[in-house]
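Q: The structure under discussion is supplied below as structure tokens; questions concerning it will follow.
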Amino acid sequence: MGGKGHLFILSGPAGAGKGTLRKVLFKEVPDLVYSVSCTTRLRRPGEVEGKDYYFVGKSDFIDMIRNDAFLEWAEVHGNYYGTRKSDVETCLDLGCDMVLEIDVQGSRQVKTAMPQAIRIFITVPSIDELENRLEDRGTETQDQMLLRLRNATFEMRYAGECEHTIVNDRVERSSRELIDLVLEYRNK
Ligand code: 5GP
């Protein structure tokens, strides 16, 4: 499996700014394809079906697991998330560069299936900083936030396994680092 395109995996704890850096990356670098995941999580205000996620019911998600539709899937913070195999295969076979923004469990599964995948871990200077950012974002309840912070301490240990780590201290600087990294692979 795997064609000519590059497969970039962005992972890191919730609140580290993966989504923000990814948006800048897509604005600055042409011809990147974002892998839209399936999730059983409820849609947040402003999220668009088919652009942010494919929002599916739990039984449909389980059917997709049974039909081997996922390149990877995981239960993250109490909801299911998965990357459709066909989306990734089609994109890479066409020679397109693709970006996955998925959790650590999913990143490990993809790396096993596709060793050429380039894992970029996005992290924060400290756990305190993460807590501040999650509070500022305000999209989670207190319980959800505590769960995400608890998971973050485990997720942080994954940085050492990844090909690259970016510490998101300032968006402008960190997004530049991400852009340069992607362009470096593309121009190799
Ligand atoms: P959120 O609910 O905040 O959109 O995402 C929660 C976590 O799920 C984030 O770490 C996000 O990267 C991860 N995630 C999103 N899509 C996928 C996916 O397809 N697979 C896996 N394993 N994780 C995903």
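Q: Among the listed residues Leu100, Leu146, Leu92, identify the single one that is part of a strand (DSSP E or B) and either open to solvent by less than 30 Å² (accessible area, probe 1.4 Å) or modelled with pLDDT under 95 (or both). Outline the logic, then answer.
A: Numbers: Leu146 fails: part of a strand (DSSP E or B); Leu92 fails: part of a strand (DSSP E or B).
Just a single option satisfies the conditions, and that option is Leu100.
Q: Follow-up question, since we're still on this one. From the residues in region 82-103 that are touching a Cys at 6+ places or on another chain (Cβ under 7 Å) and of a type outside the set (Lys, Arg), which one is nearest to Leu146 (Cα to Cα)?
A: If we filter region 82-103 for residues that are touching a Cys at 6+ places or on another chain (Cβ under 7 Å), which is where we start, we get 82, 84, 98.
Those still in the list that are of a type outside the set (Lys, Arg) too: 82, 98.
Values: Gly82: 23, Met98: 32 Å.
If we take residues in region 82-103 being touching a Cys at 6+ places or on another chain (Cβ under 7 Å) and of a type outside the set (Lys, Arg), then Gly82 is nearest to Leu146 (Cα to Cα).
Q: Among the residues of region 1-13 satisfying the criterion of being modelled with pLDDT under 95 and surrounded by fewer than 24 Cβ atoms within 10 Å (Cβ to Cβ), which is farthest from the ligand (Cβ to nearest atom)?
A: If we take residues in region 1-13 being modelled with pLDDT under 95 and surrounded by fewer than 24 Cβ atoms within 10 Å (Cβ to Cβ), then Lys4 is farthest from the ligand (Cβ to nearest atom).
Q: Just name the residue that is nearest to the ligand (Cβ to nearest atom) out of those in region 68-84 that are surrounded by 17 or more Cβ atoms within 10 Å (Cβ to Cβ) and of a type in the set (D, E, K, R). Quick ask: steps written out before the conclusion?
A: Of region 68-84, the ones surrounded by 17 or more Cβ atoms within 10 Å (Cβ to Cβ) are 69-74, 76, 80-84.
Still in the list and also of a type in the set (D, E, K, R): 72, 84.
Values: Glu72: 6, Arg84: 9 Å.
In this case the residue turns out to be Glu72.
Q: Here's another thing I want to ask about it. From the residues in region 85-121 that are acidic (Asp, Glu) and over 23 Å from Thr153 (Cβ atoms), which one is farthest from the ligand (Cβ to nearest atom)? Lay out the reasoning, then the answer.
A: First pass over region 85-121, keeping only residues acidic (Asp, Glu): 87, 89, 93, 97, 101, 103.
Narrowing further to those that are over 23 Å from Thr153 (Cβ atoms): 87, 89, 93, 97.
Values: Asp87: 10, Glu89: 15, Asp93: 20, Asp97: 18 Å.
The extreme case among them is Asp93.
Q: Out of Leu42, Leu25, which single residue is more than 30 Å from Pro125 (Cβ to Cβ) and modelled with pLDDT of 95 or more? Don't jump to the end; show me each part of the working.
A: Details: Leu25 fails: more than 30 Å from Pro125 (Cβ to Cβ).
Going through Leu42, Leu25 in turn, the sole match is Leu42.
Q: Let me confirm something: among Glu135, Glu163, Glu131, which residue is of a type in the set (Asp, Glu), open to solvent by 40 Å² or more (accessible area, probe 1.4 Å) and touching a strand residue (DSSP E or B) at 6+ places or on another chain (Cβ under 7 Å)? Show your work before the answer.
A: Working: Glu135 fails: touching a strand residue (DSSP E or B) at 6+ places or on another chain (Cβ under 7 Å); Glu131 fails: touching a strand residue (DSSP E or B) at 6+ places or on another chain (Cβ under 7 Å).
Only one candidate qualifies: Glu163.
Q: Let me ask you something else. Does any residue in region 83-97 that is closer than 13 Å to Gln116 by Cβ and in contact (Cβ under 8 Å) with a residue 60 or more places away in the chain come within less than 6 Å, Cβ to Cβ, of a residue that is of a type outside the set (Ser, Thr, Tyr) and outside any strand (DSSP E or B) six or more places away or on a different chain, and which pairs are these?
A: Leu92/Gly2; Leu92/Gly3; Leu92/Gly5; Asp97/Gly5; Asp97/His6
The values are calculated or read from the model by the stated rules, or taken from the named source; none is laboratory data. Keep in mind the model is a prediction, meaning the values are calculated, not measured. Please note: Cβ atoms are built from the backbone with ideal geometry, for glycine as well, and neighbour counts cover all protein chains shown. Surface areas here come from the heavy atoms of the whole protein model, side chains and all, with no ligands, DNA or RNA. Shrake-Rupley method; radii C 1.70, N 1.55, O 1.52, S 1.80 Å.
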